[in-house]
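The values are calculated or read from the model by the stated rules, or taken from the named source; none is laboratory data. Here the structure is a predicted model, which is why all the values come from computation and not from measurement. Cβ placement follows ideal geometry from the backbone for every residue including glycine, while neighbour counts extend to all protein chains displayed. Surface areas here come from the heavy atoms of the whole protein model, side chains and all, with no ligands, DNA or RNA. Shrake-Rupley method; radii C 1.70, N 1.55, O 1.52, S 1.80 Å.
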Amino acid sequence: MKHFNPQFEKIGDILVYESIIDEGQLNEALNEQKTTKEKIGHTLIKQGAITEDELVKAYSMQLGYKHILEEELTQAPEEIVILIPEDFAVENKVIALNKTSDTLLVAMEDPEDLVVLDAIRKLTKLTPEVLVAGRTAIDHVIEKIYGKIKQIGEVESAISNISIVRGDEEDGDELDLATEKVSAEDAPFVKLVNLFIMEAIQEDSTDIHIEPGKKEVVVRIRIDGVLTQIMSPPITSLNGIVTRIKILSKLNIAEHRLPQDGRMKIKTEDREIDVRVSILPTIHGEKVVLRLLGSGEKTLTLTTLGFPEYKLKVFKKWINQPYGMVLISGPTGSGKSTTLYASLQEIQTEGINITTVEDPVEYQIPGINQVQMHEEIGLTFAQSLRSILRQDPDVLLIGEIRDSETADIAVKFSLTGHLVFSTVHANDAPSTITRLLDIGIPPFLLGSSLNLVMAQRLIRTICPVCREEYTPTDHELGRIRIPQDKLDTITFYHGKGCSKCRYTGYKGRTAIHEILEMKKPIRNLVFENANEDTIRNMAMELGMTPLREAGINKIISGETTVYEVLRSTVEEF
């Protein structure tokens, strides 16, 4: 029997010998290869007979080189990867992995491409040693690592254009982060904090979480409502990072056992960002959360908030009434404040006086009187509202109704000829009504004053760069319950992941809405102190679209995915 030596065999024969494919599959691929002129390995991958990893292993057996898989490729150090310029790496499918004083370990699809090997030798002045890797794996890793390197470079250059107002704006002193003089010992922590603050700003993030673990500190930023890890410095850096943030927010650097709250303001070339700092002691050290509140340059209009046309028409009708209450409900971070600000922009004219009471003021809007709460000196919602009544307002925005006193004032404002906007923390529109009744508003007052309740959620939209058609699983379809007549006509999409969306498949967010108009039958139910389910059933009879159904409509229009709607909404029973 002939001895099998893979270095003297063809790729197809190696795959058959290793029982990865059979003779029939090989012959089928050889027949197709005659017309496509592609390599036999790529033809077999296209036919689904083998995976790229199986081809890489067979190729390394044939050529006598070791192979490397995608998971190991992603661990290549960035300082080594950049020894080969990105354009060259993309064109020649090559990644630098490691180096010694005179050699460079590289991964290539074709390890015997002498022209590329010679070019690497000239570029790096090092002798290349080669591992075999798959074409797709190399492409993914090139996009991922070089994309990350570019982002860090952009962040570092952007630091020269920002400054921080330390502590409160009134008594704060401004620091230029690019030129600030710090000790050599503190410099690495200063640079580290600057880096993740700038990356969060560039990604339009809402929060930064610095979380101590046993061996490392995890830094995550919230992009489009979901936390994403951006770095994990060693646990030895925690004290330096926390101290730096405490200095910037004028907190006590000697106190490590108690929670602390502070603030600072970041100034960039085009906007100012108010930062709320919260520090919480945990078993591994102090956890820090920075809440980034954008101000100044944000353009807020109702037309860009994801309303379908018919819902926008209903919402505009009620916010243009001369008096009554318009409430928006949802959890923290569901876009309630943004919708309220856009509503104020919509109705703002020279002829009306608009005043807001907020904690905190998230966006500064020209022409609107905005009052910031300071509970530590006794300036609460209730205290402010009593004074504002003497300021002759036409429209009033109350940041949040969170107690009976604030709720009572809001209802009385709306019953005395004022239009009142506010937010309530509740799960959906019907439960907002029962929440207000629980707070202590009498049913006859609530039924008379309320014009509209809207619950909303933010859902991520599919990245436009890597958007592609896909077929959802039966399990997904079973959970989402799309009507069969619509199911046959829908094209489902998802994002496969790219450097533009940080390989999540999502970029940006849109809102879904559940609008409950206070029509006469609903008012009567509120007067009767009806339960939440009775109000919900009547609202749906009168045309209310539940949040889950609003999400399904976004799937049908190709804006989001089944997974995202399942993640953001609950099923209606």
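If only residues of region 119-145 that are in contact with a Ser or Thr (Cβ under 8 Å, 6 or more places away or on another chain), open to solvent by less than 20 Å² (accessible area, probe 1.4 Å) and assigned to a helix (DSSP H, G or I) are counted, the one that is modelled with the lowest pLDDT is ILE145. Taken over region 210-247, the criterion of being under 30 Å from THR569 (Cα atoms) and either assigned to a loop (DSSP other than H, G, I, E, B) or open to solvent by 20 Å² or more (accessible area, probe 1.4 Å) (or both) is satisfied by GLU211, VAL218, ARG220, ARG222, ILE223, ASP224, GLY225, VAL226, LEU227, THR228, GLN229, ILE230. Among the residues of region 249-270, is any outside any loop (DSSP other than H, G, I, E, B), open to solvent by less than 50 Å² (accessible area, probe 1.4 Å) and farther than 28 Å from THR406 by Cβ? Scanning region 249-270, I find at least one residue that is outside any loop (DSSP other than H, G, I, E, B), open to solvent by less than 50 Å² (accessible area, probe 1.4 Å) and farther than 28 Å from THR406 by Cβ, so the answer is yes. Checking the stated criteria, ASP394 turns out not to satisfy the condition of being touching a Gly at 6+ places or on another chain (Cβ under 7 Å) and touching a residue at least 24 places away in the same chain (Cβ under 8 Å).
Residues in region 75-118 that are among the polar types (S, T, N, Q), out of contact with any strand residue (DSSP E or B) (no Cβ under 6 Å at 6 or more places or on another chain) and open to solvent by less than 60 Å² (accessible area, probe 1.4 Å): ASN92 alone. Right, GLU559: closer than 16 Å to ALA455 by Cα and in a loop (DSSP other than H, G, I, E, B) or not? It is false that GLU559 is closer than 16 Å to ALA455 by Cα and in a loop (DSSP other than H, G, I, E, B).
Here THR282 clears all of (1) among the β-branched types (Val, Ile, Thr); (2) under 30 Å from VAL218 (Cβ atoms); (3) open to solvent by 30 Å² or more (accessible area, probe 1.4 Å); (4) under 22 Å from the mean Cα position of the chain (by Cα) except the condition numbered (4). Only one of the listed residues (THR339, THR356) is free of Cβ contacts under 8 Å to residues at least 60 places away in the same chain, polar (S, T, N, Q), surrounded by 19 or more Cβ atoms within 10 Å (Cβ to Cβ) and within 15 Å of SER422 (Cα to Cα). That residue is THR356.
Scanning for something in contact with a helix residue (DSSP H, G or I) (Cβ under 6 Å, 6 or more places away or on another chain) and among the polar types (S, T, N, Q), does region 543-559 turn up at least one residue? No, region 543-559 has no match at all. Looking only at region 451-493, residues that are hydrophobic (A, V, I, L, M, F, W, C) and either within 30 Å of GLN321 (Cα to Cα) or in contact with a Pro (Cβ under 9 Å, 6 or more places away or on another chain) (or both) come to 8 in all. In the set ILE328, ILE398, ILE347, ILE365, only one residue is closer than 17 Å to LEU302 by Cα and in contact with a Phe, Trp or Tyr (Cβ under 7 Å, 6 or more places away or on another chain); that residue is ILE365. Listed by position, the strands (runs of 3 or more DSSP E) enclosed by region 379-480 that each have at least 2 residues that are exposed (fewer than 15 other Cβ atoms within 10 Å of the Cβ) are 467-469.
Whenever a residue of region 441-469 is within 27 Å of ALA539 (Cβ to Cβ), its partners that are part of a helix (DSSP H, G or I) and among the small types (Gly, Ala, Ser), lying with C-beta atoms within less than 6 angstrom and at least six residues away or across chains, give the pairs ILE441/ALA407; SER449/SER414; VAL453/ALA429; ALA455/ALA429; ARG457/SER568; ILE459/SER568. Among (1) under 27 Å from ARG548 (Cβ atoms); (2) at pLDDT below 90, there is one condition SER404 misses while meeting the rest; what is its number? Here SER404 meets the rest and fails (1).
For region 527-547, the criterion of being more than 24 Å from ASP438 (Cα to Cα), at pLDDT 90 or above and open to solvent by 60 Å² or more (accessible area, probe 1.4 Å) is satisfied by at least one residue.
Filtering region 498-514 to residues that are in a loop (DSSP other than H, G, I, E, B) and either touching a Pro at 6+ places or on another chain (Cβ under 6 Å) or crowded, with 18+ Cβ neighbours inside 10 Å (or both) leaves CYS498, ARG502, GLY505.
Restricting the first member to region 528-553 and to residues that are among the basic types (Lys, Arg), and the second to residues that are open to solvent by less than 30 Å² (accessible area, probe 1.4 Å) and not in a helix (DSSP H, G or I), the beta-carbon pairs closer than 6 Å and six or more apart or on different chains are ARG548/THR569.
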